[in-house]
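Bear in mind that the values in this text are calculations on the coordinates, not laboratory data. Quick caveat, the model's predicted, so the values are computed rather than measured. Ideal geometry is used to build each Cβ from the backbone, glycine not excepted, and the neighbour counts take in all protein chains shown.
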Amino acid sequence: MNPTDRNNLRPLLGVGFLIVFILLVSLIPSRWFGIHPVRYSNPTLDLNDVSSPYQIATDINNDGALSWNEIVNETFKSGNTDVQNTPVDPKAIAELNDSNNLTASFTKNLYVSANYLKQNQITDQGSQQQVLDQLVAQEAAKIVPTIYTTDSLHVGVADDSATLKAYGNKIAPILQQLITKKVLTDDLTAINSFTQTKNETDLSSIVNNKNRVDDLLKKLLDMPVPPSALTYHLLAINRVAAYRDNLDNLSKAKSDSIRATIAMGDYQNIVTMDIRLHEVFTQYFNAKNVVFSSKDAGYEFTVGYTIK
């Protein structure tokens with residue numbers, strides 16, 4: 001990729017990230033907090049505004065402990081007029097019981113942490129932000145990336161110039177389709193639209209892009225790989241898989257906003273690494289003295305790549 005193209009790309013990614021992050025972190029479903037919906041600002045959260053679970057919940061089944069379901073149910077039964085006549089959303093309860101839902105886990109820990117800070121009269125913003133950072137980091141650590149090994153690859157036998165050129169002509173179109181200016185614009189537009197409308201249909205282009213990237217990933221996995229290109233191909237597969245996984249996490253913004261927020265924080269780096277695959281393979285083919293003509297799909301590996 002040309003330096004000019006990369007410089008032109010940075011403002012789009014940077015501005016998109018800042019706008020989306022600030023908006024997206026405020027999308028924790030308010031129905032999970034009941035009487036005091038959490039509001040982020042810049043983006044910080046005053047944990048003093050989070051209702052203590054011990055003030056709004058009762059031990060319904062008399063087992064000596066407060067379950068998260070009891071806390072949520074009692075929140076909806078509170079006397080606040082905003083939620084007094086609002087039935088418990090079965091979907092919300094199902095999401096809270098989903099062990100893979102990072103927002104559910106985050107809000108549970110948020111309740112506990114807020115109560116601890118209140119009991120110990122810790123009200124300064126620095127301590128609260130430290131707690132929030134730790135809670136988000138705990139959830140981020142639960143996102144396990146898809147990692148492929150050489151066992152997943154189809155290793156070819158031949159490693160001559162003709163084989164390498166054929167390989168380059170197969171992989172070039174995949175890399176060219178992976179990240180384009182339109183793809184970047186569509187990704188950021190979809191997330192930005194969702195943060196304003198909270199309409200899940202606005203995420204449809206993210207889902208479609210995830211499926212598109214998954215198809216490209218399958219093509220890479222099915223492709224015979226010359227032995228000398230094994231390391232490069234494995235790198236490409238894992239970077240493409242990271243983008244696919246990132247889009248999958250972004251597509252869950254409606255039901256798991258914390259997961260999507262974390263994914264948005266990783267988006268710029270993942271996309272940048274995918275674009276740099278062009279440089280990686282250019283170096284590989286140059287080292288192997290493979291020259292592509294203007295009629296070859298792999299011509300970019302000879303003259304350089306320009307994002308379109």
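Applying 0.36 nm per residue to the separation of Lys170 and Val280 and subtracting their alpha-carbon distance, the gain on full extension is 38.0 nm. If we count every other residue with Cβ under 9 angstrom of Asn101's Cβ, Lys/Arg +1 and Asp/Glu -1, where does the sum land? Around Asn101, the charge tally is -1.
The calculated FRET efficiency for Thr306 paired with Gln130, based on their beta-carbon distance and R0 = 51 Å, is about 0.70. Backbone amide hydrogens, once placed in the peptide plane, bring Val225 within less than 5 Å of His154, Val155, Gly156, excluding anything fewer than 5 places away on its chain. What is the calculated FRET efficiency for Ala94 to Thr197, with r their C-beta to C-beta distance and R₀ = 30 Å, to the nearest 0.05? Once the sixth-power term is evaluated, E becomes 0.85. Between Lys219 and Lys142, the FRET efficiency from the beta-carbon distance, with R0 = 30 Å, is close to 0.50. Scalar couplings 3J(HN,Hα) for segment 173-184, obtained by applying the Karplus form with A = 6.51, B = -1.76, C = 1.60 to θ = phi - 60°, are x, 5, 5, 5, 7, 4, 10, 10, 4, 5, 4, 4 Hz; x denotes Gly and Pro.
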